[in-house]
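Input: a single structure, listed below in structure tokens.
Just so you know, all these numbers are worked out from the coordinates, no wet-lab data involved. Remember, it's a predicted structure, so these values are computed and weren't measured experimentally. All Cβ positions, glycine included, derive from the backbone under ideal geometry; neighbour counts span all protein chains shown.
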Amino acid sequence: MPSKIFSKCKNIQRGIIGHPFNPVYLLPLVEIVPGKRTSEKSLKIANKFYKSISMNPIVLKKELPGYLSDRLQEALWREALHIINEGYATTEDLDRAIEDGPGLRYSLMGTFLTFHLAGGKAGMKHMLEQFGPALKLPWTKLKAPKLSKKLSERLISGTKKQAKGKSINQLSNIRDEYLVNLQLFRKKYENKIRK
């Protein structure tokens with residue numbers, strides 16, 4: 001836990017954790033985790049440093065067990081284990097389900113902007129109204145949070161901010177162009193993995 005590490009720091013205001021995503025030499029993600037007494041100045045210095053070495057930092061609002069990316073990955077992993085354990089698919093089936101499906105989209109837009117697009121012209125608002133009730137269906141083994149008004153507002157405002165004023169059509173066109181080009185590029189390497 002970061003708090004245990006920070007408690008041993010002599011200059012606690014400078015204490016941060018930089019959590020990269022593997023393989024570090026190829027993936028630009030690094031999560032910057034502040035301690036309770038980490039100064040803004042230290043966060044800015046760390047952010048600037050990581051950007052200077054071509055990393056894409058995310059500054060967490062506070063300590064979080066498991067970090068952001070690992071928790072998302074763990075949720076997918078946990079669900080995949082349930083699916084395999086119950087005999088619905090093989091590991092290859094599940095890898096292909098990600099590689100040839102949402103993995104391609106997520107590499108450009110992630111989960112929230114993807115679901116924002118799924119809502120059509122009304123974006124996340126319509127997506128939550130139409131598909132939000134499905135969170136209560138027993139599809140997955142993971143418990144979903146209650147889709148409260150507060151959570152819905154956070155999702156709607158977050159995706160609106162992410163869209164930066166672009167319409168659903170504009171975002172869809174960018175996504176589609178990206179996916180076509182990514183798949184053409186990917187074909188060069190696909191056979192090396194699957195042979």
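Sites listed here are trypsin sites (Lys or Arg not before Pro) in the stretch 1-97 whose DSSP assignment is loop and whose Cβ has at most 15 other Cβ atoms within 10 Å: 8, 10, 36, 37, 61, 62. Residues whose amide H falls under 5 Å from that of residue 17, counting only those 5 or more places apart or on a different chain, are 33, with hydrogens built in the peptide plane.
Computing FRET efficiency as 1/(1 + (r/R0)^6) for residue 131 and residue 195, where r is the C-beta to C-beta distance and R0 is 25 Å, gives about 0.05. Taking 0.36 nm per residue of separation and subtracting the current Cα-Cα distance, fully stretching the chain between residue 90 and residue 157 would add 20.3 nm. For the stretch 1-104, the list of GluC sites (Glu not before Pro) that fall in a loop by DSSP and count at most 14 other C-beta atoms within 10 angstrom reads 86. Would you calculate, for the chain, the mean residue ellipticity at 222 nm contributed by helices, counting each DSSP H stretch of 4 or more residues as -39,500 (n - 2.57) and dividing by all residues, to the nearest 500? Computed mean residue ellipticity for the chain: -18500 deg cm²/dmol. When both the stretch 27-93 and the stretch 104-171 are represented by their alpha-carbon centers, they are found 20 Å apart.
Evaluated over the Cα positions of the chain, the convex hull gives a direction-averaged projected area, one quarter of its surface, of 14.3 nm².
Counting Lys and Arg as +1 and Asp and Glu as -1, what is the net charge of the other residues whose Cβ lies under 14 Å from the Cβ of residue 187? Summing Lys/Arg as +1 and Asp/Glu as -1 gives +2. Among beta bridges identified by DSSP and lying wholly in the chain, the antiparallel ones come to about 55 percent. Shape of the stretch 1-103 from its Cα gyration tensor (a ≥ b ≥ c, root eigenvalues): rounded if a/c is under 1.5, otherwise prolate when a/b > b/c, or oblate? Note, shape of the stretch 1-103 comes out prolate. For the stretch 132-184, which trypsin sites (Lys or Arg not before Pro) are both in a DSSP coil and crowded by at most 14 other Cβ atoms within 10 Å? Sites meeting the loop and neighbour criteria: 141, 143, 146, 164, 166. Placing unit charges on the Cβ atoms of the charged side chains and taking the dipole of the chain about its Cα centre, the candidate lying farthest along the positive direction among 29, 87, 189 is 29.
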